[in-house]
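So the structure is just underneath, and the comments pick up after that.
The values are calculated or read from the model by the stated rules, or taken from the named source; none is laboratory data. Because the structure is predicted, anything quoted here is derived from the model rather than measured. Cβ placement follows ideal geometry from the backbone for every residue including glycine, while neighbour counts extend to all protein chains displayed. Side chains included, ligands, DNA and RNA excluded: accessible areas come from the protein's heavy atoms. Shrake-Rupley method; radii C 1.70, N 1.55, O 1.52, S 1.80 Å.
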Amino acid sequence: MLSNSSSSGLPAESQAKAVVASPMQTVGALAFGLVIIFAVGFMPVEAAHNAAHDSRHALAFPCH
Amino acid sequence: MIFRRIIYSALLVGLLAGLVLSVAQITTVNPIIFAAETYEVAGHDHGSHDHSAEAWAPEDGFERTLYTVFANVSAGIGFAAILLALMSHLQLSGITTLSLPKGILWGGAGFVAVFVAPAIGLPPEIPGIEAAALEKRQLWWVLAVVGVAIGLLIISFAPIKYKALGLVALIIPYIVNIPHHEGPAFAHPDPSAVEALTSLHSQFIVNSALSNLLFWLALGLVAAWVLNRWVFKGIVVNHNDARA
């Protein structure tokens, strides 16, 4: 999608903006990562704790 | 969609790093956890951690190992998504250009922020160790990781006039009240068990530190490689325009 814009005949300046201006996509990827880290390291559900128990210890998350 | 590329890349990077971590953990860290648990079961009951009958837990052996690998790969995917989001943002902004050596530096910084920073205040725990309330430790863990991560990012990438703020972010986690446990680390009634647990604990800190270092170096290296190889494929021209 982004690569198409380079052949669309837009002025170089707006092409640059089309790529650089993606703060929401970066924030989205960050949020995706944070949700997973929370699930693995912090989710207080007992079954989740038991499943990830050894990983929580190995990754030095506070566990018990 | 750079978002989709980052997520797909994070799946690959997280899988590889999670498998690296799993090999290191299963061979050097898990045996210590299992050894410590034998004292935990034989000794006192650990309030918040009684594996009560109704709560599901994986069977010891293959099933438990499988869940460990799954949790490690998931953690790898989560950390990889965060790394790739930060890397791609900084590269698109023209602030840095990732390379494999820089990927190793990013991995080292991740190790410092996510493992070393919280471990300075609250050493990695083995089962059976006494500790302050879980929620307080988790809160401080987040503060330590976020503070040191932001501090390292500011010091590495912000204009010189803001770099002092990076130092402030690095220091904040250590000037607040760290939720330490008061009293002996192990409450086991048998002194020889306490001695064994203390020795297991020091070995655990070394082995988990080395496992996490491997994990983060793999994360940083593969993330940097994938970023240039795939995430930015076809948009390099625009990146140059942005910097011009």
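Just to be sure I understand: if I project the alpha-carbon convex hull of region B:144-244 onto a plane and average over all orientations, what area do I get in nm²?
Working: hull surface 41.2 nm².
Computing the convex hull of the Cα atoms and averaging its projections yields 10.3 nm².
Within region B:100-140, name every residue whose backbone N is under 11 Å away from a label modeled 7 Å from Cα of B:Glu182 along the Cβ vector.
Output list for this probe position: empty.
When Cβ neighbours within 10 Å are restricted to other protein chains, what is their mean count per residue of peptide A:34-45? Let's see the in-between values first.
On the way: counts 5, 2, 11, 10, 2, 4, 10, 8, 5, 0, 3, 2.
Average per residue, whole number: 5.
Given a Förster radius of 51 Å and the C-beta distance between B:Glu195 and B:Tyr162 as r, what FRET efficiency does 1/(1 + (r/R0)^6) yield to the nearest 0.05? Before the final figure, lay out the partial values.
Details: r = 50 Å, r/R0 = 0.97.
In this case the efficiency is close to 0.55.
For chain B, what are the DSSP H helices with axial Cα length of 27 Å or more and mean Kyte-Doolittle hydropathy of at least 1.6? The partial results should precede the final answer.
Details: long enough: B:2-24 (32 Å, 1.93); B:62-92 (44 Å, 1.17); B:134-157 (34 Å, 1.54); B:191-226 (51 Å, 1.18).
Once both thresholds are applied, what remains is B:2-24.
Taking 25 °C and 0.890 mPa s as the conditions, I'd like the Stokes-Einstein D for region B:79-197 in µm²/s, using the Kirkwood hydrodynamic radius from alpha carbon pairs.
Working: Rh = 16.4 Å.
The Stokes-Einstein estimate is 149 µm²/s.
Would you check the accessible area of B:Glu63, probe 1.4 Å, heavy atoms only, in square angstrom rounded to 10?
Answer for B:Glu63: close to 60 Å² accessible.
Within 13 Å, Cβ to Cβ, of B:Leu66, how many net charges do the neighbouring residues add up to if Lys/Arg are +1 and Asp/Glu are -1? List each step's numbers first, then the result.
Details: positive: B:Arg64; negative: A:Asp54, B:Glu59, B:Asp60, B:Glu63.
Combined, the nearby Lys, Arg, Asp and Glu give -3.
First measure r as the distance between the Cβ atoms of B:Gln203 and A:Leu34, then evaluate 1/(1 + (r/R0)^6) with R0 = 25 Å and state the FRET efficiency to the nearest 0.05. Could you put the intermediate results ahead of the total?
Details: r = 32 Å, r/R0 = 1.27.
Once rounded, the FRET efficiency stands at 0.20.
Please calculate the 1.4 Å probe accessible area of B:Ile82, with all protein chains present, and give it to the nearest 10 Å².
Estimated to the nearest 10 Å², B:Ile82 gives 30 Å².
With every protein chain left in place, what is the accessible area of B:Asp190 in Å² (1.4 Å probe, nearest 10)?
The accessible area of B:Asp190 comes to roughly 70 Å².
So what's the gap between the Cα centers of region B:138-179 and region B:72-131, to the nearest angstrom?
Spelled out, the Cα-based centre of one part sits 14 Å from the other.
Pairs B:Lys161/B:Lys233; B:Lys102/B:Lys161; B:Lys136/B:Lys161: which are spaced more than 25 Å apart, C-alpha to C-alpha?
Details: B:Lys161/B:Lys233 34 Å; B:Lys102/B:Lys161 23 Å; B:Lys136/B:Lys161 34 Å.
Too far apart for the 25 Å limit: B:Lys161/B:Lys233; B:Lys136/B:Lys161.
Short version: what are the Cα gyration tensor semi-axes of chain B, square root of 5 times each eigenvalue, largest first, in whole Å?
Details: eigenvalues 285, 99, 38 Å².
Taking √(5λ) for each eigenvalue gives 38, 22, 14 Å, largest first.
What translational D, rounded to a whole number of µm²/s, comes out for the protein assembly as shown from Stokes-Einstein when the hydrodynamic radius is the Kirkwood one over Cα pairs, at 20 °C and 1.002 mPa s?
Diffusion coefficient, whole number: 104 µm²/s.
Got a sec? What order do B:Val142, B:Val73, B:Val13 fall in by accessible area at 1.4 Å, biggest, i.e. largest, first?
Details: B:Val142 65, B:Val73 20, B:Val13 0 Å².
Ranked from most to least accessible, the order is B:Val142, B:Val73, B:Val13.
Ordering B:Arg5, B:Arg137 from largest to smallest accessible area (1.4 angstrom probe), what's the sequence?
Details: B:Arg5 50, B:Arg137 5 Å².
Per-residue accessible area, sorted high to low, gives B:Arg5, B:Arg137.
Chains A and B: what accessible area do they bury, summed, in square angstrom to the nearest 100, with a 1.4 Å probe?
Details: alone 5100 and 13770 Å², together 14670 Å².
The buried area between A and B, both sides summed, comes to about 4200 Å².
Per the 1.4 Å probe, what fraction of the accessible area of region B:111-244, in percent, lies on carbon and sulfur atoms?
About 70 percent, which is the carbon plus sulfur part of the accessible surface.
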